[in-house]
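*Asks:* Mind having a look at this structure? Questions to follow.
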Amino acid sequence: MATVQNTQDAALPQPSPLFDDAGPLADPQERRVIFAALDSFHQYRINSHFNTTHRRRQNFYALPSAQWRMLAAPPFSIRDTLSAVDDAIDHNADLAEQIFQLGLSAFALPENPPKDSEMNWKGKAKPNDMAKAHSTIRQFYRDWSYEGFTREVEPLLNMIISDLAAHLSTTRTENQSPSLLLPGAGLGRVLFELALRGFHATGNEISYHQLFASNFILNSTERADQYSIYPFAHTFTNVESRANQLRCFTIPDIHPGQAFSARVAAGSAVGEMNMTAGDFVLSYSTPESRETFDGLVSLFFIDTAPNLIRYIETVRNCLKVDGVWINIGPLLWHFDNRVPGGNTDEDEDEDGDDGEPAEAGTKTQPKPDLEDKGIGEPGSVELTDEEVVQLVSHLGFEVLSHEILPADSGYVQDPNSLLQNRYRCSHWVARKL
């Protein structure tokens, strides 16, 4: 289990401590996953141009001549639209390329490796890996743009902070900040916000796409609003207008290092922020992790479990007695298509068979990169919300509160789309007995 600690000065780690051991690249299976993630960011530009605009141009010119000429002229100007989408793709690809370059440096990998080298990362990305890269770039809208964060993340963050204030006080040690674990930390925004407020926060993430991207946004940006992204440019269905499709957002809306420095300068306490890479169950069900954390926050996470019992047992292992577990999220069980004794369809494109991202607003669960143990063990079960809460109580927790939130939680949702996907999230707080 590798760890990276975010510093307050946004200095680029050389190399990143997250990947400082020989383990990841020494294992052939994990090396393939790492290389596939890197290659998918590297191929983002050419893959997006081909699947998003090139194929549409081919289909457009396949129309009867009189018809495509009519649509090429104002007010439709379809050819101009496709050119504008190409420009938007290039902006997204600039960000993907930066993530790729940081990933190469983190592992000290050459940009042009010998073809016969075992360190050759080129050509390793499959359609599913490309889909993950698309989803990761789009997710920056949710986590690190002002518009996405305030609409989709901040309301949930405020609930979490309120829960911590109400229920974590009994676990506080005098003059010591509470320690929190956030499994499925994704792009690290909630992790950052909690550390900024004085908690010692540790994130855990299994997806190398998310790890590379979070490492970049937390440790390698120079200023707020440095990058422009077009999260909805790839979407051609349920579009209100071309102006809406081609909206630009800037990230990060807040610079992590500068935010920490400003808070320290103001005399406010800040916490430590760490990220661990690996399977949640394998990483935190160990004796070394026993009774480590005062609290655990699972946000849009527990439905990634094929067997929720393993997750609950792991939470119980790593929480201190009286530790608090805060959960917010839907139950879009990721493994509901698992065949008995088999793996998921990892090699298939989770966002469609054409390499294009899914409809904006749809929560795409990151598929596991490694399936030797942990979430890769055979077997799965899908529980109702009522059964989940009962199971948490049955396995050594006291459920302090439970509610179903209104259906207003979007997930990378275009607020102007003609199709609106909303989640009625289950929100509960439990204490370890």
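Rule-based calculations on the coordinates, nothing more; no lab input. Since this is a predicted model, take the numbers as computed values, not measurements. Every residue, glycine as well, gets a Cβ built from its backbone with ideal geometry; the counts of neighbours run over all protein chains shown.
*Asks:* Treating the Cα atoms of the stretch 122-211 as identical point scatterers in vacuum, please give the log10 of the normalised Debye intensity I(q)/I(0) at q = 0.11, 0.23 Å⁻¹, two decimals.
*Replies:* Results for the stretch 122-211 at q = 0.11, 0.23 Å⁻¹ read -0.40, -1.18.
*Asks:* Debye sum, Cα scatterers, the stretch 201-312, no solvent: what log₁₀ I/I(0) at q = 0.16, 0.18, 0.20 1/Å?
*Replies:* Normalising to I(0) and taking log10 leaves -1.01, -1.09, -1.16.
*Asks:* Another question about this same structure. In the stretch 285-340, with Lys and Arg counted as +1 and Asp and Glu as -1 at Cβ, which of these residues, F300, Y311, I328, has the Cα nearest the positive end of the dipole, that is, farthest along it?
*Replies:* Checking the options against the dipole of the stretch 285-340, the answer is Y311.
*Asks:* Along its principal axes, what span do the Cα atoms of the stretch 169-248 show, with the longest given first and each in whole Å?
*Replies:* Principal-axis extents of the stretch 169-248 (Cα, largest first): 56, 29, 24 Å.
*Asks:* Multiplying the sequence separation of N416 and A269 by 0.36 nm and subtracting their Cα-Cα distance, what value in nm do you get? Show your work: numbers first, answer last.
*Replies:* On the way: separation 147, 0.36 × 147 = 52.92 nm, distance 3.92 nm.
Extending this stretch completely gives an extra 49.0 nm.
*Asks:* Expected output is a single nm value to one decimal: the length gained when fully extending between D408 and F76, i.e. 0.36 nm times separation in residues minus the C-alpha distance. What is it?
*Replies:* 116.2 nm
*Asks:* Show me 401-410, 129-138 ranked by packing, highest mean number of other Cβ atoms within 10 Å first.
*Replies:* 129-138, 401-410
*Asks:* For the stretch 167-303, give the magnitude of the charge dipole about the Cα centre (Cβ charges: +1 Lys/Arg, -1 Asp/Glu; no others), in debye to the nearest 20. Each step should come with its number before you reach the end.
*Replies:* Details: 8 positive and 13 negative charges, 75 e Å.
About 360 debye.
*Asks:* What's the center-to-center distance, using Cα atoms, between the stretch 261-324 and the stretch 86-105 in Å?
*Replies:* If you average the Cα positions of each part, the centres end up 31 Å apart.
*Asks:* Moving on. Toward the positive end of the charge dipole of the stretch 182-288, about the Cα centre and with charges on Cβ (Lys, Arg +1; Asp, Glu -1), which of T250, G203, F280 goes farthest?
*Replies:* Working it through, the farthest residue towards the positive pole turns out to be T250.
*Asks:* Now for a different question. Mind listing the long-range amide H neighbours of H255? Cut-off is under 5 Å, sequence gap 5 or more, other chains count too, H placed in the peptide plane at 1.01 Å from N.
*Replies:* Under 5 Å from the amide H of H255: A224.
*Asks:* Cα atoms only, the stretch 81-165: Rg and Dmax in Å?
*Replies:* Every Cα atom of the stretch 81-165 included, Rg and Dmax give 17.9, 56 Å.
*Asks:* Using Cβ counts within 10 Å as a stand-in for footprinting exposure, how do Y141, Y146, Y61 rank, fewest first?
*Replies:* Y61, Y146, Y141
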